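S.K.: Structure provided below as structure tokens; questions to follow.
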Amino acid sequence: MDAVESNRPSGDAVARVIDAFMAERAPVYIVGGAVRDHLLGISSIPGWALANSDGHAHSGASASYPRDRAPASTTDLDLVLNGPVLPLARRAADRLGWAYYPLDEARDVARLIGKGSDGRRIECDAAALRGDLRSDLLARDFSANALALELSADSPTRLIDVCGGIADITSYRLRRISEESLRDDPIRLLRAVRLAAQLGFTIEDETRRQIVDLAGTVLRVSAERLRQELWKLLDCSRPDDGARELNALGLLDQLLPEVSALQGVTQSSRHHLDAYDHSLLTARRAAELRDWLRGGSPLEDRKLRGSLEPWAEPLRAHFGEEIAAGHDRAGWLVWHALLHDTGKAGRLAADSRGGAERQSHAGHQQLSAEIAGRRVAQLRFSRREVLLAERVASMHSVPRNLVKSLPRAENSIGPRTAYRFFRDAGSVTAGRQIEHHLQSSGAQQRLDGLDVTLQAISDLQATGLERGAEWGSFLKAVEGLFSFAFSRPADYPVAPLVDGHALMRRLGLEPGPIVGSIMRELSEAQAAGAVANSDEAVALARELLARGVK
């Protein structure tokens, strides 16, 4: 099919998709969040909305939104038009060379997916009008989303507001359209918190009261939809505020009851907060790390910045990896922070050391791992994500324990200890944990121990009123883990200096657990540089055997 005629720049994917639909049928209405964000100045709708405007498409809230830089083009476009839409959307996708998916054949909804000139993924959902435009808009969730830009080939673009959405955007207020809005689809209860967090809006009082009343209905929503909204909420700049708002509205106990259960759970004397507030503060610190890893603002803590900046490039490569579509390792740091201590609510023991009765939580790490894995699985995250959540929760105390156990003369974790740590942390590959060796894939090593280490950094940042000498010593020590992970050749680990069969022949051993123990010791020695060839490896094996290695 012929390409769409357009006077827009070829890289302007949003303008081209609008043109593709306009070439099929007019008028076309842009609705929902793209219009809201265009008015706020968060993102822009190029093409028809700008070049063909009568001047009213930019009135209202846009003047009050800070514009320290030009907004990027939207990447999420919702269109409505007179049906039938599916065949029209397929033709538009063919014209554009985009992917086409019939999202809901019964409701005549399609999705087109393509890329802009900058490589960003663009999604466009096209749906048939539900009745007339006014009825369609009034069936939506919040007034800020019940706006439409009417695009027509022979008249200026017209901004349509049927329920005071512009006034609410101007006031940064999130308001339900009607009592039925929240009752009709309980995902909107969670979406209200997410949108308020993303946009800096305040939820209007009547809307808040109804969310509280309906909080128990949110679990009627599919796990997949809950997962999507929760990920977006926790991906905001202040996930701790989002969690507190969920709690205030009665939603946290429904969605993340393990986190809610930490309220009032006291901790050891080194902590200044209960387990709940500590977990939320850890999530806030994790979000700062996440944003830095994604290329955001420099880290405020000078010592932390000094420790991480030398490794910025490989850290960003590692944490930029998507564990599943749209879910990068950096974003998971906030989830790790929220879930890392969930086992403490079930591991209470009296501890009156130091004169203050507190609670100790020996063994909580494994219980936290079980809880984290169960919650992540219930939200229908991928198996790889479940395994990563379990592993980070189970090992979150290990980096601090390694630092505490360093000999007095050493200030950094050495290669042998680092090897053992990364070996135990394993790698999430093909849906399983690789337990006994590092995993390399081309030039990139998948080292889940790095996720554990950054979680431990966030954890320690949220522990105690003051960061004393322990903070600097900890950061200096864990630099040894970064050095080990990133100062290896790209094809590390190399083959063993001597394999198990050769070792048994040379030492006259029978197959058994002793061979496995010796091989593990040899691997650690090789990683630490203590042995460099097969003869040295066999000599060390003889020594280990003489010492009675088990």
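The values are calculated or read from the model by the stated rules, or taken from the named source; none is laboratory data. The structure presented is a predicted model; accordingly, all values stated were derived computationally and were not measured. Backbone-built Cβ (ideal geometry, glycine too); neighbour counts: all protein chains shown. For accessibility, only protein heavy atoms count, side chains too; no ligands or nucleic acids. Shrake-Rupley method; radii C 1.70, N 1.55, O 1.52, S 1.80 Å.
S.K.: Any residue that is closer than 28 Å to Ala283 by Cα, at pLDDT 95 or above and in contact with a strand residue (DSSP E or B) (Cβ under 7 Å, 6 or more places away or on another chain) - is there at least one of those in region 221-232?
M.R.: yes
S.K.: Within region 235-264, count every residue that is under 14 Å from Lys344 (Cβ atoms) and either crowded, with 17+ Cβ neighbours inside 10 Å or within 19 Å of the chain's Cα centre (by Cα) (or both).
M.R.: 5
S.K.: Within region 198-209, is even one residue in the same structural domain as Val109 (by the TED database), assigned to a strand (DSSP E or B), open to solvent by less than 20 Å² (accessible area, probe 1.4 Å) and touching a residue at least 24 places away in the same chain (Cβ under 8 Å)?
M.R.: Taking every residue of region 198-209 in turn, none turns out to be in the same structural domain as Val109 (by the TED database), assigned to a strand (DSSP E or B), open to solvent by less than 20 Å² (accessible area, probe 1.4 Å) and touching a residue at least 24 places away in the same chain (Cβ under 8 Å).
S.K.: Is region 511-518 home to any residue that is open to solvent by 40 Å² or more (accessible area, probe 1.4 Å), in a helix (DSSP H, G or I) and under 22 Å from Gly414 (Cα atoms)?
M.R.: The answer is no; no qualifying residue exists.
S.K.: Can you name the number of the only condition in (1) surrounded by fewer than 17 Cβ atoms within 10 Å (Cβ to Cβ); (2) touching a His at 6+ places or on another chain (Cβ under 9 Å); (3) at pLDDT 95 or above; (4) not polar (S, T, N, Q) that Phe381 fails?
M.R.: Status for Phe381: all satisfied but (1).
S.K.: Considering only region 265-302, state which residues are among the small types (Gly, Ala, Ser) and either open to solvent by 10 Å² or more (accessible area, probe 1.4 Å) or assigned to a loop (DSSP other than H, G, I, E, B) (or both).
M.R.: Ser268, Ser269, Gly295, Gly296, Ser297
S.K.: Read through the list (1) open to solvent by 40 Å² or more (accessible area, probe 1.4 Å); (2) modelled with pLDDT under 95, then give the number of the only condition that Ile413 fails.
M.R.: Looking at each condition in turn, Ile413 falls short on (1).
S.K.: Being crowded, with 17+ Cβ neighbours inside 10 Å and of a type in the set (S, T, N, Q) is the filter here, so list the residues in region 210-234 that pass it.
M.R.: Matches in region 210-234: Gln210, Gln228.
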